[in-house]
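As structure tokens, the structure follows; a few thoughts come after it.
Readers should treat all values here as calculations from the given coordinates under stated rules, not as data from a laboratory. Quick caveat: nothing in here was measured; it's all calculated off a predicted structure. Here the Cβ positions follow ideal geometry from the backbone for every residue, glycine too, while neighbour counts run over all protein chains shown.
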């Protein structure tokens, strides 16, 4: 950065040998007196020390010597004016560099320092060099700080002190010394200036640390090269990478001032590695709580083991967040499912264990377990190779004894299963482009409040989000899209599942889920499901549809409110129960289905929107509200909206309690269910017993168990048309199917009565 070199500017004044007419006795301004013809000044062509030089007799208190040419003063440019002098005879004067600041219109800029440090000559014949630096900025080492008002200067020197001395002055030099100030003028420091080699093998850690310590708010530049860092590094300054760094897996790079994924990509030159190292720093540096992916799309060629990226931690419970980017899964054999089969034994008394597992070392943690009597979304939570045991995520409903199981380990883009416990982690505004090659996210086996919001899970091969333990406790899924890779596959043939959960207090809110086998399989309780739209239709006519939402805990304590349930149904089961027959628990209870839109098209007439599926005998409804919903079919009719799947067992209808099925709307539904059910019964011929049939309108094929009220509509009459004033007594659960009530009068009568009947017991 030298203007004489880069811009061709001439700063150097002419030598004294060219004549003294351009050397002023005053300030150097036009018209000032010069030393040409001055009897006190002479050019000496040959001097032992200087060759050609100017000899002056000091005759005034401040004898000035100024070059009359205009030396330009440029912002950011620093000039050093220097001269060598020696005393020849007479009094010994003081010597200093001096100048005159000229501004616009050739007006003197007042108020500036226009002299440099003064030096006293102490002996004759001794060569003394004097110098001063002039420039626009107030920097250390600048003697004359002129700012931006001066446009040029007239430079030379002053002789002060006693008069009568004779001095000789070598040619005055003016040179651009801006490079002296580059370290503080430029907004960056380069690690190479602090000893970094950048050869890929030398340990450059100390050089990075030194550059960071010196930067003092400036940018640290990592110029081209490959820099090996032999340990962890925290950079307190902003860093710009033109070169790349490498470090051991356990070493941490923390970029505290530009902690974002693009910076880590620049640092490591590899997108996958950069994400791992950024995540490692996210969990190890308290100075940042979120990682911004900077809108970057990173291509991933294999599962990212999130725990392996942070090998120094097995648990983490401080809030951390990743946002604003895209993962794009590339084709690779790394995504292939790992499938193994093994013989194992199961006992309902040890509900979460498989024992005597043959070749247990071949079974990977996080594998889906399938076999006889195994419910949906049961996974391997842990394994004990020495004991030949496997810990399951949920019990098996009918697998007592020994059999061969299949264990399928899906490959996940982000795999958190290596952590023991992982809490308070969230991700937002991220698209997972899985491209039908892999699954999305596998949670840790234990953890609280995993939060996914405003994300897109695009075309997972097998699963969108999986919990193989209880890392889903309190999980929040908000405003996300789950888009299946099986859009062209008929609903019964699909295999992918958007998400599952085993723990309690899950919230699924305002999501859109398209054409999976299941939207969610939820084994926990305390679930809130609201504002979602899940769609599982296909192009078949008279089509078979599968469950969109599966609740596997009978006492589910869940609310399903304000959703759009599209071409699928809600299934309520107890398949994750090692003893699925009723045994003094709450049975099917604690479920509220309110204000939802249910829609289906081109389905078989026996399709229903709400299915209860007990996996053992003796169960009953003991707390269910289905209110304010809209049920509609297009391109055909369905028989009803609710049913019991009796593949394993039917309900005990005699024990149903606290069931409300009311205020719903039915479009193209043959039978609208209601509880309580209001019936108008007409008896045209006198009879002492009126049989009131309540089927098929009681929900779930329930029995006529309770009569809430009975009102005569008009006159009840005898055969002679006289009024009968008495009231009948009622009997419930009448008829072969127990779906009738009888009104028993004291004599044969006819007329019309309104009866309110319930399929549950109010006591």
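Can you compute the helix-only [θ] at 222 nm over the chain? Use -39500 (n - 2.57) per DSSP H run of at least 4 residues, normalise by all residues, nearest 500 deg cm²/dmol. Let's see the in-between values first.
Working: 6 runs with 45 residues, N = 763.
Taken over the chain, the calculation gives -1500 deg cm²/dmol.
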_Gain in span if fully extended, residue 761 to residue 108, counting 0.36 nm per residue against the direct Cα distance_ = 224.5 nm
*Among bridges DSSP assigns within the chain, what percent are antiparallel (round to 5)?*
45
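Subtracting the Cα-Cα distance from 0.36 nm times the residue separation, let me have the gained length for residue 539 to residue 317 in nm, one decimal. Walk me through the numbers on the way to the answer.
Working: separation 222, 0.36 × 222 = 79.92 nm, distance 4.65 nm.
Here the answer is 75.3 nm.
For a quick protection proxy, order the peptides 603-612, 23-32 by their average other-Cβ count within 10 Å, most packed first. List each step's numbers first, then the result.
Details: 603-612: 20.6, 23-32: 17.4.
By packing density, highest mean first, the sequence is 603-612, 23-32.
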*Report, for the range 99-238, the % of DSSP beta bridges that are antiparallel, rounded to 5.*
40
*Kindly list the residues of the range 702-733 that lie in the label zone of residue 650, defined by a backbone N under 15 Å from the point 7 Å along the Cα-to-C-beta vector.*
702-705, 733
*Give the peptides 59-65, 370-376, 462-468, 105-111 in descending order of average Cβ contacts within 10 Å, highest first.*
462-468, 370-376, 59-65, 105-111
_Percent RCO, i.e. relative contact order, over the chain, from Cα pairs under 8 Å lying at least 6 residues apart_ = 6
_What's the ranking of 739-751, 339-351, 262-274 by average number of surrounding C-beta atoms within 10 Å, highest first?_
262-274, 739-751, 339-351
*Using r as the Cβ-Cβ distance of residue 725 and residue 657, and R0 as 51 Å, what FRET efficiency do you calculate, to the nearest 0.05?*
0.90
_For the chain, take the longest principal axis of its alpha carbons; what is the angle in degrees between that and the long axis of helix 205-215, to the nearest 10 within 0 to 90?_
70
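From the P(r) of the range 186-296, could you give the percentage of C-alpha pairs in the tail past 19 Å?
On the way: 2238 of 6105 pairs.
Value for the range 186-296 (Cα pairs over 19 Å): 37 percent.
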*asked:* Just to be sure I understand, if you calculate percent of Cα pairs over 46 Å apart for this structure, which of (i) 23; (ii) 51; (iii) 20 do you get?
replied: (ii)
*asked:* Can you compute the modelled spin-label distance between residue 32 and residue 51, with each label point 7 Å from Cα toward Cβ, in nm?
replied: 2.8
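Hey, with R₀ at 60 Å, roughly what FRET efficiency would residue 737 and residue 424 work out to, going by the Cβ-Cβ distance, to 0.05? Intermediate values should be presented prior to the final figure.
Numbers: r = 54 Å, r/R0 = 0.89.
Taking R0 as 60 Å, the efficiency between residue 737 and residue 424 is 0.65.
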*For the range 544-685, what's the radius of gyration and Dmax over Cα atoms, in angstrom?*
15.5, 55
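Report the full-extension gain for the segment residue 206 to residue 218: residue separation times 0.36 nm, less the Cα-Cα distance, to one decimal in nm.
On the way: separation 12, 0.36 × 12 = 4.32 nm, distance 1.82 nm.
Length gained, residue 206 through residue 218: 2.5 nm.
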*Roughly how tilted is helix 271-284, in degrees to the nearest 10 and between 0 and 90, from the longest Cα axis of the chain?*
90
*asked:* Can you compute the modelled spin-label distance between residue 581 and residue 118, with each label point 7 Å from Cα toward Cβ, in nm?
replied: 11.5
*Could you give the nm distance between label points at residue 358 and residue 747, where each point is 7 Å from its Cα heading toward the beta carbon?*
8.2
_Footprinting exposure proxy for 757, 167 (fewest neighbouring C-beta atoms within 10 Å first)_ = 167, 757
*How high is the relative contact order of the range 677-758, in percent, with contacts defined as C-alpha pairs under 8 Å that are six or more residues apart?*
50
